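Okay, structure first, notes after.
The values are calculated or read from the model by the stated rules, or taken from the named source; none is laboratory data. Keep in mind the model is a prediction, meaning the values are calculated, not measured. Note: ideal-geometry Cβ built from the backbone for every residue, glycine included; neighbour counts use all protein chains shown.
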Amino acid sequence: MDRKSFIRQSVGILLFGSLSYMGFASPSEQRKQTCVIIEKNCNGCGQCLKACKEKALKIEGKLAVIDSSKCKNCGDCLRFCRRKAISLIENKK
């Protein structure tokens, strides 16, 4: 393997790993997980609203609330929450 191929492959692996870590979930992973708000960490800043393409989040009082009928569990909101108030949890089978 030449140097360019090695670097391209390495970057691809790092990028894929970073995307998974940052909260981007594949469609099959989305069905296995559910987004939840960790209330003690949420201050209602609204950063997660900006990230949600599905408009599944709203602020009620001083807390973010997820509309489960709209949420696709993609995890985009995780990247924007500085307080780590949103988490993906595994669905029970």
Give 42, 77, 52 a once-over and let me know the one that is under 21 Å from residue 91 (Cβ atoms), at pLDDT 85 or above and touching a Leu at 6+ places or on another chain (Cβ under 9 Å).
-> 77
Can you name the residue in segment 55-71 that is surrounded by fewer than 17 Cβ atoms within 10 Å (Cβ to Cβ) and touching a strand residue (DSSP E or B) at 6+ places or on another chain (Cβ under 9 Å) and, of all such residues, is modelled with the lowest pLDDT?
-> 68
Out of (1) surrounded by 10 or more Cβ atoms within 10 Å (Cβ to Cβ); (2) modelled with pLDDT under 55, the odd one out for residue 4 is which?
-> (1)
Within segment 78-93, how many residues turn out to be of a type in the set (A, V, I, L, M, F, W, C) and closer than 14 Å to residue 63 by Cα?
-> 3
For residue 19, are the conditions met, namely being at pLDDT below 95, of a type in the set (A, V, I, L, M, F, W, C) and assigned to a helix (DSSP H, G or I)?
-> yes
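Yes/no per residue for (1) assigned to a helix (DSSP H, G or I); (2) of a type in the set (Gly, Ala, Ser); (3) touching a residue at least 24 places away in the same chain (Cβ under 8 Å):
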site: 34; (1), (2), (3): no, no, yes
site: 44; (1), (2), (3): no, yes, no
site: 55; (1), (2), (3): no, no, no
site: 65; (1), (2), (3): no, no, yes
site: 69; (1), (2), (3): no, yes, no
site: 88; (1), (2), (3): no, no, yes
